[in-house]
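Participant: Have a look at this one before I ask anything.
The values are calculated or read from the model by the stated rules, or taken from the named source; none is laboratory data. What you see is a predicted model; the values in this text were computed from it and never measured. Neighbour counts run over all protein chains shown; Cβ positions are idealised from the backbone, glycine included.
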Amino acid sequence: MATKNVLRVENLTKGRILNQISFDMKPGEMLAVMGPSGSGKSTLLYNVSGMDRPASGQVWLSDVEITKLSEDEKARLRLHRMGIVFQQMNMLTNLNLLDNILLPAIQANRGRDRKSKEELNLRARTLMEKLGITGLENRRITQVSGGQLQRACICRSMMNEPEILFADEPTGALNKSAAGEVMEELVKLNREGTAILMVTHDSRVASRCDRIIYLLDGQISTQLTLGKSTAGAEKQREEKVATWLMEMGW
Ligand SMILES: Nc1ncnc2c1ncn2[C@@H]1O[C@H](COP(=O)(O)OP(=O)(O)OP(=O)(O)O)[C@@H](O)[C@H]1O
Ligand SMILES: [Mg+2]
């Protein structure tokens, strides 16, 4: 089925965790998923991104039905068209930070329009600068902080210029000011055209998103539409989200 949405999820069911979930994402949308611990937020990202296989239901990335693809096809789609920042970060301990960030680009860089090593390096370093981790290129992943590693994961996920970024608690390991900074960068990446679907427990983080869906008992119990954030409106948006969450006994 052709669709104008960047992501379309229809009647997605996974065991007892997700029960007939449906939602769409418009191109360039930034959508937050909230809900209690154990409500299935991570499971939703795994099943939508094709890393896990739903029991039933359909998922489209733009015009491609992910749920019809083979494992190999899904892996290729993830490499070329999705960015993924998950709780289990899967960075390689025997590589330095820069080489970890470069890895998906090297994997994807085959065929006719191969980019030079310099070009890939430049992109990785530009992303590292954007995310505030310049200078850490040669560190092992065991030699950086949790927050720095999380920023590196965002860099890695953006290497192949994905249409959509899936992020599970991208600011989870960060204190308030670092979370704010990383969020600022995610908002910028979103403004540059990458759709973002992120799980977060942080109402301030969620308040920067265009829309929030709330997962409860395997379903989207309610949603809040905020629209694109504009400078100066942060406090007002935060209050709106806080009130909304309070009404649900958050
Ligand atoms: N591989 C698995 N096999 C069986 N049950 C699982 C598996 N992974 C998660 N679950 C269960 O599914 C439910 C949803 O888990 P999930 O990790 O999606 O929750 P979550 O909303 O991301 O929670 P949190 O906010 O704590 O990260 C939980 O009850 C969890 O124990
Ligand atoms: Mg989770």
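Participant: Just to be sure I understand the filter: pairs with C-beta atoms under 6 Å, separated by 6 or more residues or on different chains, first member in the range 191-206 and farther than 18 Å from Ala242 by Cβ, second member among the basic types (Lys, Arg). Which pairs pass?
Facilitator: Val199/Lys41
Participant: Suppose the filter is touching a Pro at 6+ places or on another chain (Cβ under 8 Å), free of Cβ contacts under 8 Å to residues at least 60 places away in the same chain and crowded, with 19+ Cβ neighbours inside 10 Å; does Leu18 pass it?
Facilitator: Taking the combined requirement at face value, the residue does not satisfy it.
Participant: Provide a single number: the residues in the range 80-97 that are farther than 22 Å from Ser49 by Cβ, surrounded by fewer than 19 Cβ atoms within 10 Å (Cβ to Cβ) and touching a Leu at 6+ places or on another chain (Cβ under 9 Å). Walk me through it before giving the result.
Facilitator: Step one: list which residues in the range 80-97 are farther than 22 Å from Ser49 by Cβ, which gives 93-97.
Then drop every residue that is not surrounded by fewer than 19 Cβ atoms within 10 Å (Cβ to Cβ), which leaves 93-96.
In the following step, the residues that additionally are touching a Leu at 6+ places or on another chain (Cβ under 9 Å) were identified as 95-96.
So the answer is 2.
Participant: Next question, about the same structure. Test each condition in (1) in contact with a Phe, Trp or Tyr (Cβ under 9 Å, 6 or more places away or on another chain); (2) away from ligand 1 (no atom under 16 Å from the Cβ) for Leu197 and report the one that comes out false.
Facilitator: Single failed check for Leu197: (2).
Participant: I'd like the full set of residues that are over 21 Å from Gly40 (Cα atoms) and either among the charged types (D, E, K, R) or assigned to a helix (DSSP H, G or I) (or both), limited to the range 160-172.
Facilitator: Here is the first cut: in the range 160-172, the residues over 21 Å from Gly40 (Cα atoms) are 160-163.
Selection gives Glu161, Glu163.
Participant: Of Asp52, Asp72, which residue is over 24 Å from Gly193 (Cα atoms), of a type in the set (D, E, K, R), within 16 Å of ligand 2 (Cβ to nearest atom) and out of contact with any His (no Cβ under 8 Å at 6 or more places or on another chain)?
Facilitator: Working: Asp72 fails: within 16 Å of ligand 2 (Cβ to nearest atom).
Only one candidate qualifies: Asp52.
For (1) free of Cβ contacts under 8 Å to residues at least 40 places away in the same chain; (2) among the aliphatic types (A, V, I, L, M), each residue gets a yes or a no:
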{"position": "Leu149", "(1), (2)": "no, yes"}
{"position": "Cys155", "(1), (2)": "no, no"}
{"position": "Gly172", "(1), (2)": "no, no"}
{"position": "Tyr214", "(1), (2)": "no, no"}
{"position": "Leu224", "(1), (2)": "yes, yes"}
{"position": "Ser229", "(1), (2)": "no, no"}
{"position": "Glu239", "(1), (2)": "yes, no"}
{"position": "Met248", "(1), (2)": "yes, yes"}
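Participant: In the range 2-45, which residue that is touching a Phe, Trp or Tyr at 6+ places or on another chain (Cβ under 8 Å) and among the hydroxyl-bearing types (Ser, Thr, Tyr) is modelled with the lowest pLDDT?
Facilitator: Checked the range 2-45; the qualifying residue modelled with the lowest pLDDT is Thr3.
Participant: Out of Ser221, Ser207, Ser203, which single residue is under 20 Å from Ile17 (Cβ atoms) and polar (S, T, N, Q)?
Facilitator: Values: Ser207 fails: under 20 Å from Ile17 (Cβ atoms); Ser203 fails: under 20 Å from Ile17 (Cβ atoms).
Answer to the check: Ser221.
Participant: Okay, next question. How many residues does the range 33-54 hold that are of a type in the set (A, V, I, L, M, F, W, C) and either surrounded by fewer than 17 Cβ atoms within 10 Å (Cβ to Cβ) or away from ligand 1 (no atom under 13 Å from the Cβ) (or both)? If you could, list the steps in order and put the result at the bottom.
Facilitator: Just the residues of the range 33-54 that are of a type in the set (A, V, I, L, M, F, W, C), to begin with: 33-34, 44-45, 48, 51.
Filter once more, keeping what is either surrounded by fewer than 17 Cβ atoms within 10 Å (Cβ to Cβ) or away from ligand 1 (no atom under 13 Å from the Cβ) (or both): 51.
Going through the range 33-54 one residue at a time, the tally reaches 1.
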